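Here the structure comes first, spelled out in structure tokens, and everything after it is commentary.
The values are calculated or read from the model by the stated rules, or taken from the named source; none is laboratory data. Model, not experiment: these values are computed from the prediction. Cβ: placed from backbone, ideal geometry, glycine included. Neighbour counts: every protein chain shown.
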């Protein structure tokens with residue numbers, strides 16, 4: 001990375017034990033950056049992996065920041081945000097390290113943010129023509145979180161658990177506060193941003209099926225706990241921040 005990164009884009013990819021796919025993810029990203037290729041740097045945050053995630057990511061062309069231990073998805077993301085903030089990147093794109101987020105969707109994801117139409121763009125399965133199979137608990141969670149977002153802030157999002165996002169510096173500053181959840185930064189963070197006047201837009205994006213069956217929300221107990229904890233987190237965020245300017249970010 002160079003010191004003079006004003007106007008540049010940092011793609012951050014949190015990854016934990018993704019050695020089998022992270023090389024392909026980075027390689028595809030570097031090949032399909034399109035018009036943004038020369039503006040884009042790729043940073044993989046290796047969240048204390050016990051496999052060769054960092055080796056594979058670095059050999060594919062990414063810069064790698066390795067956590068000393070596995071701290072969790074949210075903390076890995078926030079570490080990437082801090083790098084982006086400190087090195088003065090104008091825009092952040094976040095995507096997962098398991099290959100489900102298609103790099104060819106990045107130009108469309110960035111477009112409304114670059115145009116100043118919103119501060120955060122959410123890559124959405126709900127707006128895409130492509131079918132993406134989702135386990136029942138995840139679908140139920142999406143319905144609940146979407147309902148809460150709409151009731152608590154007026155924000156209408158079809159895919160509130162999407163981790164495929166483009167962010168400008170105005171929003172990035174809020175991602176660095178102590179309110180950022182270290183475990184599951186999904187719909188709760190969208191509510192927090194909205195209550196603080198951040199403009200959010202949902203755009204279609206391509207999602208690929210994770211055929212390895214690996215998910216941080218896998219099984220039955222994890223999704224149920226995730227729904228419970230996310231719902232509680234959203235209610236607490238609303239109670240703490242409801243006077244900060246609800247609806248101020250209405251598109």
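Taking residue 178 as the residue in question, decide whether it is under 15 Å from the mean Cα position of the chain (by Cα) and closer than 26 Å to residue 231 by Cβ. Against the criterion (under 15 Å from the mean Cα position of the chain (by Cα) and closer than 26 Å to residue 231 by Cβ), residue 178 does not qualify.
Every residue, every condition in (1) surrounded by 13 or more Cβ atoms within 10 Å (Cβ to Cβ); (2) over 24 Å from residue 100 (Cα atoms); (3) in contact with a helix residue (DSSP H, G or I) (Cβ under 8 Å, 6 or more places away or on another chain); (4) at pLDDT below 80, yes or no:
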position: 204; (1), (2), (3), (4): yes, no, yes, no
position: 207; (1), (2), (3), (4): yes, no, no, no
position: 210; (1), (2), (3), (4): yes, no, no, yes
position: 214; (1), (2), (3), (4): yes, no, no, yes
position: 221; (1), (2), (3), (4): no, no, no, yes
position: 239; (1), (2), (3), (4): no, yes, no, no
position: 244; (1), (2), (3), (4): no, yes, yes, yes
position: 249; (1), (2), (3), (4): yes, yes, yes, yes
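Whenever a residue of region 129-148 is on the phi > 0 side of the Ramachandran plot and assigned to a helix (DSSP H, G or I), it has no partner that is modelled with pLDDT under 70 and surrounded by 11 or more Cβ atoms within 10 Å (Cβ to Cβ) lying with C-beta atoms less than 9 angstrom away and at least six residues away or across chains.
Quick check on residue 41: is it out of contact with any helix residue (DSSP H, G or I) (no Cβ under 9 Å at 6 or more places or on another chain) and within 17 Å of residue 84 (Cα to Cα)? Spell out how you get there, then give the answer.
Details: out of contact with any helix residue (DSSP H, G or I) (no Cβ under 9 Å at 6 or more places or on another chain): yes; within 17 Å of residue 84 (Cα to Cα): yes.
It is true that residue 41 is out of contact with any helix residue (DSSP H, G or I) (no Cβ under 9 Å at 6 or more places or on another chain) and within 17 Å of residue 84 (Cα to Cα).
Annotation: of all residues in region 22-61 being on the phi > 0 side of the Ramachandran plot and touching a strand residue (DSSP E or B) at 6+ places or on another chain (Cβ under 9 Å), the one that is surrounded by the most Cβ atoms within 10 Å (Cβ to Cβ) is 48.
Every listed requirement among (1) more than 19 Å from residue 182 (Cα to Cα); (2) modelled with pLDDT under 95; (3) under 12 Å from the mean Cα position of the chain (by Cα) is met by residue 74 save one, (1). Looking at 110, 127, 114, just one residue is over 24 Å from residue 226 (Cβ atoms) and touching a strand residue (DSSP E or B) at 6+ places or on another chain (Cβ under 6 Å), and that residue is 110.
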